[in-house]
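Structure first, then comments.
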Amino acid sequence: AKAYGRGRAQLFNPTLDAEARTLAQLLADLRQALVRGEFVAHYQPRVNAGDGRITSAEALIRWHHPQRGLLFPDAFIAVAESYGLIAPIGRWILDAACQQMAQWRREGIDIARVSVNVSAVQFESGELVGQVQNALERHAVPPATLELEITESLLVDENDALFAQLTALRDMGVTLALDDFGTGYSSMAALRKLPIDVMKIDRSFVIDLETDASALPAVRAIVALAQASHLHLVAEGVETETQARMLRELGCHELQGYLYSRPVEPSKFLQLPGLRHGA
Ligand code: C2E
Ligand code: CA
Ligand code: CA
Ligand code: CA
C-alpha cells in the first residue's frame, strides 16, 4: 500500500490494502498489455444524417485481458491516465487507427475519416503533436483523414500550451472535434477562439430528447451555437429512429450510436450497411 502513497494510518486497513494490490496488479497488467499486444481497436460508424451513409469511424480501445477477458475503457483508461500509462496507450491507438485507415484506403473503402479519443493528460507531456505526425507518416495517411476527439473538460482553464498544440495539429491538417459537448462549461467566447471543426453533442441530451421536454430547447441551443461557430455537428448515443429523426430535423449533420452499430472489430465494420466499397 505504501508504494501508492496511502497514508500511514491507512496502512493496516485491509480493504485499502486489497485495493492497492488490485491497483498494482492492474498497472502491472497494463504494462504487459502494451508489450504483449493485448489492446484492440473497435470502430463505431458515424453516418450522414441525410442519407445514412457511413462517413467516418470512431476508434474505441478494448483490452483482451489474459485472465479477465474483454475489458472496456472504463476499466482501465482513468487508471492509465493517473499512473503515467496513457502516453504509450495513446500512441498505440493512434498508430492502430492510422494503420486501419491506410488499410481501408488500400481496399477502396470510401470513408472520410477515422477519429481517435485523446485524453487531456496526453497534452501535458507535449509529445502528442509528434506522436500524431509519426503515426500519419508511418502509415502514409493524409492528415485530413484523422480526427482527434478532445473533451470539453480540457478547456476549463485557458492554457497557452494546449492552444499551441491544438493549433499545430490543426495546421497539420488534422480535424479536431469537441467530444461530450454540453457536459462542461465552454462559453461562446472560449468556443469561438478554439481551433476546432466538429462538435459532438453528448449522449445525455440525446437520451432525454424523447422523454424530457427541457432537452429539446437545450439541443436547439447547442445547434445554434454550432451554427454560429461554423462547426460540423455530430450527435452521439443515437439509439432510436425517433431520436434520429428529431436530431436530423434539428440540424445535426452526422449521427452515431447503437441504432447504426455498436463499436465492432474491423472485419465486422466492413460488412456494415451504409459503407461504400469499390473505387
Ligand atoms: P466516448 O468517447 O464518449 O465514446 C462513446 C462511448 O459511448 C463508447 O463507449 C461507445 O461504445 C458508447 N456508445 C456509442 N453509441 C452508444 C449508444 O447508442 N448508446 C450507449 N449507451 N452507448 C453508446 P466505450 O467504448 O466504452 O468508451 C467509453 C469512453 O472511454 C469513451 O467515451 C472515451 O472517453 C474513452 N475511450 C475509449 N477509447 C479511448 C481511447 O482510445 N483513448 C482514450 N483516451 N479514451 C478512450
Ligand atoms: Ca469520443
Ligand atoms: Ca462522447
Ligand atoms: Ca466520454
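The values are calculated or read from the model by the stated rules, or taken from the named source; none is laboratory data. For clarity, every value in this text was computed on a predicted model and none was experimentally measured. Heads up, the Cβs are rebuilt from the backbone with ideal geometry, glycines too, and the neighbour counts pull from every protein chain shown.
Of all residues in the range 1-57, those that are at pLDDT 80 or above, more than 30 Å from R203 (Cβ to Cβ) and of a type in the set (K, R) total 3.
Here the range 226-256 is the region considered, the condition is being free of Cβ contacts under 8 Å to residues at least 60 places away in the same chain and touching a Ser or Thr at 6+ places or on another chain (Cβ under 9 Å), and the residue that is surrounded by the fewest Cβ atoms within 10 Å (Cβ to Cβ) is H232. The set of residues from the range 230-252 being at negative phi and within 16 Å of ligand 2 (Cβ to nearest atom) comprises L231, H232, L233, V234, A235, E236, V238, C252. Selection within the range 125-134: residues that are more than 17 Å from the chain's Cα centre (by Cα) and surrounded by 15 or more Cβ atoms within 10 Å (Cβ to Cβ). The member of this set that is modelled with the lowest pLDDT is E127. Of the residues making up the range 81-99, just one is closer than 17 Å to G126 by Cα and among the acidic types (D, E), namely E81.
Evaluate the range 260-267: report whether one residue or more is hydroxyl-bearing (S, T, Y) and part of a loop (DSSP other than H, G, I, E, B). The answer is yes; a qualifying residue exists. Checking the stated criteria, F269 turns out not to satisfy the condition of being buried (at least 16 other Cβ atoms within 10 Å of the Cβ), more than 30 Å from R106 (Cβ to Cβ) and either within 16 Å of ligand 4 (Cβ to nearest atom) or of a type in the set (A, V, I, L, M, F, W, C) (or both).
Scanning the range 39-73 for residues that are farther than 25 Å from R248 by Cβ, hydrophobic (A, V, I, L, M, F, W, C) and over 12 Å from the mean Cα position of the chain (by Cα) turns up F39, V40, W63, L70, L71, F72.
In a loop (DSSP other than H, G, I, E, B) and surrounded by 14 or more Cβ atoms within 10 Å (Cβ to Cβ): is that true of Y185 in this structure? Considered against the rule, which asks whether it is in a loop (DSSP other than H, G, I, E, B) and surrounded by 14 or more Cβ atoms within 10 Å (Cβ to Cβ), Y185 comes out as no.
Being within 16 Å of ligand 3 (Cβ to nearest atom), surrounded by 15 or more Cβ atoms within 10 Å (Cβ to Cβ) and touching a residue at least 40 places away in the same chain (Cβ under 8 Å) is the requirement here; does V206 meet it? So V206 fits the description; yes.
Part of a loop (DSSP other than H, G, I, E, B) and within 15 Å of ligand 4 (Cβ to nearest atom): does that describe T211? It is false that T211 is part of a loop (DSSP other than H, G, I, E, B) and within 15 Å of ligand 4 (Cβ to nearest atom).
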